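The values are calculated or read from the model by the stated rules, or taken from the named source; none is laboratory data. Note that the structure is predicted; figures quoted are calculated from it, not measured. Note: ideal-geometry Cβ built from the backbone for every residue, glycine included; neighbour counts use all protein chains shown.
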Amino acid sequence: MSGTTGATRRAVERRRAVSRGPGPRWRDDGGAGAILGVALVAVVVCVTAMALPLYAVLVARQALAGAADAAALAAADVRVGILPGEPCAVAGTVAAANGASLAGCVIDGLVVTVAVTDTVAGFAVGVSATAGPPDAAAQTGVE
């Protein structure tokens, strides 16, 4: 517009002002996408932060299930006479070796049921397991 006169320039500016209409310029929303993107990332981070303790507890529960199984099998081996010792004491030792605490030990004939616990991310997690000879389960009614 270097060759236009002042009157022409003012007329062009008036037409632009009229086409925009009165009030704020709502069309000038530059940066709104960036704010939306930041908000979306913040939501994903918050949901992930809330889900991590849940996943930690689920992983710990599976590890405790392995500890409970091992403790129950060791106690059942002692009860049957394969290993020497007291079944519940051996179960406690095996549970501690697997990073768990023995919470309970019940002996029913040749079948031994143990319960182990641990605290993960502020949540108490507990699992139980039963072991014994295959024919002992049918005699005692434990499955």
message: Return the residues of region 111-123 that are out of contact with any Ser or Thr (no Cβ under 6 Å at 6 or more places or on another chain) and more than 11 Å from Leu73 (Cα to Cα); say none if nothing qualifies.
response: Val116, Asp118, Thr119, Val120, Ala121, Gly122, Phe123
query: Mind checking whether some residue in region 111-121 is over 24 Å from the mean Cα position of the chain (by Cα) and surrounded by fewer than 14 Cβ atoms within 10 Å (Cβ to Cβ)?
result: no
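Suppose we filter region 70-124 for residues that are of a type outside the set (Val, Ile, Thr) and under 19 Å from Val59 (Cα atoms); how many remain?
Let us first name the residues in region 70-124 that are of a type outside the set (Val, Ile, Thr), namely 70-77, 79, 81, 83-89, 91-92, 95-105, 108-110, 115, 118, 121-124.
Then drop every residue that is not under 19 Å from Val59 (Cα atoms), which leaves 70-71, 95-102, 115, 118, 121-124.
Qualifying residue count, region 70-124: 16.
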field: Residue pairs meeting the criteria (Cβ under 8 Å; at least 6 apart or on separate chains; first within 15 Å of Val120 (Cα to Cα), in region 48-76; second of a type outside the set (Phe, Trp, Tyr) and modelled with pLDDT under 90)
entry: Pro53/Ala121; Pro53/Gly122; Ala56/Val120; Ala56/Ala121; Val57/Val120; Val57/Ala121; Ala60/Val120
query: Listed residues Ala70, Ala65, Ala34, Ala60; which is touching a helix residue (DSSP H, G or I) at 6+ places or on another chain (Cβ under 8 Å) and either at negative phi or modelled with pLDDT under 90 (or both)?
result: Ala70
task: Consider Val44 carefully, then state whether it is modelled with pLDDT of 90 or more and of a type in the set (A, V, I, L, M, F, W, C).
output: yes
